[in-house]
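The values are calculated or read from the model by the stated rules, or taken from the named source; none is laboratory data. If you're wondering where the values come from, they're calculated on a predicted model, not measured in any experiment. Cβ sites come from the backbone with ideal geometry, for glycine too, and all protein chains shown count toward neighbours. Just the protein is used for accessible areas: all its heavy atoms, side chains included, with ligands, DNA and RNA removed. Shrake-Rupley method; radii C 1.70, N 1.55, O 1.52, S 1.80 Å.
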Amino acid sequence: MAVSDLSMMVTPGAIHGLIGPNGAGKSTVFNLISGVLSLSAGEIFFKGERISGLRPSEICRRGVARTFQATTLFREFTVLQNLLVAAHLRAADGLAPALFASPAYRRKEREALASAQENLTSLGLGGTAQAGRSVEKLPHRDQKALSIAMALATGAELVLLDEPLAGLTAQEREETLGALRRLRDRGLTILLVEHDMKAVMGLCDVVTVLDHGVRIAEGTPREIQENPAVIEAYLGAEDARA
Amino acid sequence: MPPSPALRRALIGYGLLAAGSLGLPLVTRDSYHVDVATTILMNLVLTMSLRLEISTGQLNMAHISFMGIGAYASTILMMRGGYSFWITLWVAGVMAAVWAVPIGGLALRVSGPYYFLITFAFSEVVRLIFNNFFAEWFGGPSGLVQIPKPDPLRLAGVQLTFVGKVELYYLMCALLLLAAAVLVRLDYSRFGLVGNAIRQGDVLAETLGVWVFRYKLTAFVLGSFMAGIAGAFFAHSHQVLHSSDFSLEPMVLLVVFTVIGGTGSVWGPVVGTVVLTIASEFMREFHYYEILVYGAVLILTMLLLPEGLISLPGKLGRLVRRGGGGEAEAMGAGVAP
Amino acid sequence: MKGQRCHGWVLMLAAVLALGTAAPAAAAEKTLEIGVLGPLSGGAASYGVELLRGAEMRSDEINKAGGLKVGGDVYKIKLIAYDHKASAADAATAANKLVFQDKVKYIIGNAVGATCNAVQTVTEPQKVMFAFVCWGTNNLGPDKPHSFRSMLSQWEAAEPFYRWIKEKRPTIKKVAVISPNDTSGLDTNTAVVKAVKGLALDLVSEETYERGTKDFYPILTKILAKKPDLLDVAAAPPAEAGLILKQAHELGFRGAKGWTAGVNPVTLVGIAGVEAAEGVWSPVNINVRSDFVDPKVRKFGDEYEKRYKEVPGVIAVANYGAFDVFTKAMQEAGSVETDKVLAALTSRPYDTVWGRLVIGGKETYRIDRQFLYPMVISEIRGGKIVDIEQVLPAALKALTK
Amino acid sequence: MPIELLVQALLNGFALALVYVLVALGLTLIFSILGIINFAHGEFYMLGGYATYFGVAVFGLHYVPTLLLAIGAVGLAGVVAERLIFRHLRGKTLNAFIVSLGLLWVLQSGAQLTFGVLDKPVPSAFSGIIRAGRVIISVERFVVVLAAVGLIAVLYGFLQWSRVGRAMRAVAQDPDGAALQGVNIEFTSMLGFAVGCALAGAAGGLLAPVFAVSPPMGALPVVKAFIIIIVGGMGSLPGAVLGGLLLGTVEGIGSLFFSSAAVNVLGFLMVIAVLLVRPRGLFGAA
């Protein structure tokens, strides 16, 4: 889905919601920011540095990580292995260190392991029993949590979360929302795509609304809820769906 | 920290490989047995390094071409340049690796079936060049003959010669154990872990900060280096070279060995290469029917054991335990000591 | 599905059992094991299959006649045939198996140039006798005293053939030659070019093509633009030679046609069609159906056809002949030991399906290891192969003088 | 260089390339529906050739009905192969690679053992030459080209307008979506595989009188088909036609100037060049 003429700014330390009817281009925005798709025009900056045009891995290295709408994990791996891959940027990369297991390599692997375990705990996935489980056999909620933990494990300062609440029960949603707030309190910036309006309005500091690839509104949740263009877009969409 | 179960398995596996290959001449010194065993060891270097590439999700149909580059490089350097085998052997690997950088760099811009087909196109170009161009160097369609055996090696005052089959066998054995040490080490390190992750989801890996292209290229170049070394051994042990040694047919056999063994484990190609080579030596008795039987065996093996021969013990085990909760541990736990 | 699976395993099981039981059972009678190599599958299979069939024909004849009497012993001949799939590396392994596992002292039959070199790295150091039909020039030499070529090659055939053409048809000036792009093809082209130039004819085109090519329009368009008087499909195998001639005919070529290394004219006529094959001359063809050939050859051809439902080409005849020559030499030597047989082979002429056969070739190869026999130049007329004239290869002429 | 020679060269290249396009279309159809590359595809071409051989040369039937029968027979063989083997391999690229290799060997070797090792001529139903100035094409080849173009058009119509054809395209694009819309995936896959094989069989039947038949005859067209589909883009019918014409041009014109080996190299270099500029072929989806 195409996105055009979009200009938006994410404030550090905030939870920024990105909403819009189906097909509004939310996921495309994520793909563009994370570098999975390349821009045909325009620029994206992070912390004053241009990141558009970089490889996704390079964008991640600058501190931007993401999750995917359909929960994406390394399916054949255990929970711990998934996190170890995610901690890649903190590890010693390349052939020689792996081959000769230099002290630095070992130290970094130990640190990666420790931080992976810490991330697991913070998302309620702690315990050695969990770490060794194959992710295929994990409940949906834990898979979602793991994908967020992996984005965090990269050491990102900005994480893009694509529908972190989808498919969760009411109680699980509450837990996740709590976890996201705690993350913000630790100084993390979050850009969030979510369909659950109540959750978005309750959680976000700022909300941007997209429709057909164009920004139609931006502001605090309260402002957004009262914006006629937004109501129009959503009502139209609801009508169409019904 | 005590070694993880995965690492212990790696050490046991390597120990078995080393004991088996080093001990074989104690069991038989029959020229034919030693010859087949040498071929197996050489093919193991090729299939294990091919599996390194496959484990990052790419089937490189030009793998055999790098063996060819190594073989011709070493031969020409020795026969024209007069260099010792102990130099040309390593130059062969380096030459293969050097060519792997541009070829891999171009081929890795595409993926999936396109990668498969573009590497096939590269391999055909290389074979056609060996066969038809620069005939004064590559020997043209007649190939190269009377390639000298490896030079004697003076090691700690002892003169080692490489004329007899058993001596050549031990040389190949040393090369294999070196290559296998590197490959097994990598498989159980972060490199193997990340490579495997790339195979499962390259976009996810990339967004988690893995420079996927560089990983794939590293695997490609390292794999090609090993293929080049194997090629040099091939040239000086067979003593004749022909472009058809590096064509689609032997390449296809390497893939067959690797996949029938199982690409999920570093030991898959070992099992596949050993079992299939021995089986096909028995199948020679079928003369007219050999290929027919071989083909049928491949079809049945793949349909019955989609994960390769390496999955057979696990399958049997599960049958015995009636599907008890023993969760198969994913390979290469990834944490090195 | 299930049936198919069982079939494969039963076959394998049977083979393993056969392997286990075959060895001790043969003790009562003396057995002479002879190896046959060749591509039995894939694109070059016709060569290997014909080699093996020729060997089967002759060894069965010998066994049916009670065995081979050598000195005071009687041997049953047992063939051990392996498919080397036209791969040099596989040929070396197969040769190792024959020499070290099966302990054969004779490998009679191999084709595909590159594999011959590989087999020789095994047979020569072990002093195993090796006869083949590969046309590579370097397959014979003083460094390979146990290697024999059991059919005429381009070096024997090309010069007398072109000399005959020049005498018979002095109007032919411009010659075009085409061969497959491999050892035998290139060596054949070289021999033809040498003969053509030596006879002061004009070589207008020398082309090669990848084996397996079916469409020759592109290459022929280029060749025919040079307006040759004679098109020589030199080392092209029968089917490809047939396609070249058929397509040349379609493109309007009506000149003379030669086939310096022709191997199976019946297949050629079938594929080219009667019209396009009209007038093809060939010096080494053997037409087992011809009225002119030795009755032995006709009988061989009839029985071969009855048994295999295909017409034998020159390779089948050559390997049949090679078995004949080697077994006769064993009888002559009164022993199956290789050095005695080696001496007997080169000591006298042998009467075979080819007529009188001598092993010579020293002028070309610096050692006498080439089977030399009278070659018959044939012409295809109305789809029939007609033998026109017998010509002696230069080396044979020199020997019989 | 006279212009007639160039025209002749182009004609030479195009005539056969269009038949190889049929093989390529079958290969790409199977790929897009099952997600696998069938290396035994050339062996279905071979089966088409032998079916035609038996009809015409052994049983003395007329060529045209024989060809239609051969196409049907190979399609049926495709159904058998799909049911027994290939349906278990959906999306498993590596396993399908090995299995189709095994099948290639079984079929090729089986053909050699049953039909004999020598090439068998198939009498041609058409004779004569069409001549335009100094440019020549045999009636036989001309008919083959017309038939190939006709079959490509029929396939296009089938995929575009028939219900099953549309179902095939739906499965190719998105199997899950197609299943949701009530498309019977199993049946559609089977039919797609059969149609793919039938196309190869048709090509084999068309070229049987031109080139004769032999057990290893499938090796060449399948390599050409690979080149065509990479150049044109997997899963694209117009791409395959364009790829075929490009290959025909390179081979036809190239043969005038270079040795056959160099022309083969050129073909593969074209593949590499196209993929570097357009990584999914000329018509491949981005």
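Label separation (D:Arg278 vs B:Val166): 6.2 nm, computed from points 7 Å beyond Cα along the C-beta direction. List the residues of the range C:128-154 whose backbone N lies under 13 Å from a point placed 7 Å from the Cα of C:Lys362 along the Cα-to-Cβ direction. It comes to C:142, nothing else.
Take the alpha carbon gyration tensor of the range B:5-244, find the square roots of its eigenvalues, order them as a ≥ b ≥ c, and report rounded if a/c is under 1.5; if not, report prolate when a/b exceeds b/c, else oblate. Because a/c hits 1.5 or more and a/b fails to exceed b/c, the range B:5-244 counts as oblate.
Can you list the residues of the range D:245-286 with backbone N under 19 Å from a point 7 Å past the Cα of B:Leu106, pointing along Cα to Cβ? From the range D:245-286, the list is D:247, D:250-251, D:261-282. The 3J(HN,Hα) values that the Karplus relation (6.51, -1.76, 1.60; θ = phi - 60°) gives for the range D:33-45 are, in residue order, 8, 9, x, 10, 9, 8, 6, 7, 4, x, 6, 6, 4 Hz. Gly and Pro appear as x.
With 5 Å bins beginning at zero, the pair-distance distribution over Cα atoms of the range B:37-150 amounts to 2, 11, 18, 22, 20, 14, 8, 3, 0 %. Taking Cβ atoms as reference points and 11 Å as the exclusive limit, the residues near D:Ser138 contribute a net charge of +1, counting Lys and Arg as +1 and Asp and Glu as -1. Our summary gives chain D a relative contact order of 36 percent, counting only alpha carbon pairs under 8 angstrom and 6 or more residues apart.
Counting only other chain Cβ atoms within 10 Å of each residue's Cβ, the peptide B:251-260 averages 3. Amide H contacts under 5 Å for B:Met61: B:Thr119, B:Phe120, restricted to partners 5 or more places along the chain or on a different chain, H placed in the peptide plane at 1.01 Å from N.
Once you sort the root eigenvalues of the Cα gyration tensor of the range A:88-211 as a ≥ b ≥ c, which label holds: rounded (a/c under 1.5), prolate (a/b larger than b/c) or oblate (the other case)? In terms of gyration-tensor shape, prolate.
Look at the alpha carbon pairs under 8 Å that are at least 6 residues apart: their mean separation over the length of chain C gives a relative contact order of 15 percent.
What the pair-distance distribution of the range C:155-283 shows, using all Cα-Cα distances binned every 5 Å from zero, is 2, 12, 25, 27, 22, 11, 2 percent. Every Cα-Cα pair in the range A:7-98 was counted, and those over 22 Å apart are 40% of them. Approximating the spin labels as points 7 Å out from Cα along Cα→Cβ, the A:Glu111-to-B:Ala19 distance works out to 4.0 nm.
Evaluated at q = 0.10, 0.11, 0.19, 0.23 Å⁻¹, a Debye calculation over the C-alpha positions of the range C:278-401 (equal weights, vacuum) places log10 I(q)/I(0) at -0.36, -0.43, -1.10, -1.34.
Taken residue by residue and averaged, Cβ atoms of other chains lying within 10 Å of the Cβ of B:144-155 number 1.
Candidate membrane-span-like segments in chain C, meaning DSSP H helices with Cα atoms spread over at least 27 Å of their own axis and a Kyte-Doolittle mean of 0.5 or above, are C:2-25, C:314-333, with no membrane implied.
With R₀ set to 22 Å, the beta-carbon distance separating A:Glu232 from A:Ser4 gives a calculated FRET efficiency near 0.70.
Relative contact order of chain B: 31 percent, from C-alpha pairs under 8 Å at least 6 residues apart in sequence. Normalised by 2.2 N^0.38 Å, with N the number of residues, the alpha-carbon radius of gyration of chain A equals 1.06. The order of the peptides D:58-71, C:361-374, C:318-331, D:199-212 by mean Cβ neighbours within 10 Å, most packed first, is D:199-212, C:318-331, C:361-374, D:58-71. Close amide H contacts of C:Val280 (hydrogens built in the peptide plane, cut-off under 5 Å, sequence separation of 5 or more or a different chain): C:Ile380.
Please report, in whole Å³, the volume per residue of the convex hull around the C-alpha atoms of the range D:96-180.
Output value, Cα hull per residue: 211 Å³.
For the peptides C:225-236, C:174-185, D:147-158, residues were scored by their other Cβ atoms within 10 Å and the scores averaged per peptide; the highest-first order is C:174-185, C:225-236, D:147-158.
The range A:156-216 and the range A:28-50 have Cα centres lying 20 Å from one another. Classify the range C:162-229: rounded, prolate or oblate, from the alpha-carbon gyration tensor (a ≥ b ≥ c, eigenvalue square roots; a/c under 1.5 rounded; otherwise prolate if a/b is larger than b/c)? It is oblate, given that a/c is not under 1.5 and a/b is not larger than b/c. Determine which residues of the range C:133-162 fall in the zone a paramagnetic label at C:Lys127 would reach in this model, i.e. backbone nitrogen under 17 Å from the point 7 Å along Cα→Cβ. In the range C:133-162, the label zone of C:Lys127 (backbone N under 17 Å from the point 7 Å along Cα→Cβ) covers C:143-148.
For A:Lys137, the aspartates and glutamates whose Cα falls under 14 Å of its own Cα, not counting residues fewer than eight places away in the same chain, are A:Glu76, B:Glu327, B:Glu329.
Where in the range B:260-310 are there GluC sites (Glu not before Pro) that are in a DSSP coil and have at most 13 other Cβ atoms within 10 angstrom of their Cβ? Here no GluC sites (Glu not before Pro) fit, given the DSSP loop and packing criteria.
Taken over the range D:7-216, the percentage of Cα pairs per 5 Å bin, counting from 0 up to the bin with the maximum distance, is 1, 8, 14, 19, 18, 15, 11, 7, 4, 2, 1, 0. The modelled label-to-label distance for the pair A:Phe45/C:Lys69, using points 7 Å beyond Cα in the direction of Cβ, is 10.7 nm. Each peptide in B:180-187, C:105-112 was scored by the mean count of other Cβ atoms within 10 Å over its residues; highest first, the order is C:105-112, B:180-187. Taking all protein chains as shown and a probe of 1.4 angstrom, C:Arg254 keeps an accessible surface of around 150 Å². What separates the Cα centres of the range B:1-61 and the range D:48-63 is a distance of 51 Å. Under 27 Å of direct C-alpha separation, and excluding same-chain neighbours fewer than eight residues apart, B:Lys165 reaches these lysines: B:Lys149, C:Lys85, C:Lys97, C:Lys103, C:Lys105, C:Lys127, C:Lys144.
Over all directions, the projected convex hull of the C-alpha atoms in the protein assembly as shown averages 53.0 nm² in area.
Straight-distance candidates among the lysines for linking to A:Lys26, with alpha-carbon spacing under 25 Å and chain neighbours fewer than 8 residues away dropped: A:Lys47, A:Lys144, A:Lys198.
Neighbours of C:Arg211, meaning other residues whose beta-carbon lies under 12 angstrom from its beta-carbon, give a summed charge of -2 when Lys and Arg score +1 and Asp and Glu score -1.
Mean per-residue shielding of peptide D:90-96 is 4, counting Cβ atoms of other chains within 10 Å of each Cβ. In units of the rule-of-thumb radius 2.2 N^0.38 Å, chain C shows an alpha carbon radius of gyration of 1.00.
With R₀ set to 51 Å, the beta-carbon distance separating B:Gln159 from C:Asp339 gives a calculated FRET efficiency near 0.90.
With a Förster radius of 35 Å applied to the beta-carbon distance between D:Phe126 and C:Lys166, the computed FRET efficiency rounds to 0.35. Between the amide H of C:Val70 and those of C:Tyr75, distances stay under 5 Å, these residues lying 5 or more places away or on another chain, with hydrogens modeled in the peptide plane. Taking a 22 Å limit on the Cα-Cα distance, which of the listed pairs C:Lys168/C:Lys362; C:Lys168/D:Lys120; C:Lys173/C:Lys384; C:Lys296/C:Lys328 fall beyond it? From C:Lys168/C:Lys362; C:Lys168/D:Lys120; C:Lys173/C:Lys384; C:Lys296/C:Lys328, over 22 Å: C:Lys168/C:Lys362; C:Lys168/D:Lys120; C:Lys173/C:Lys384.
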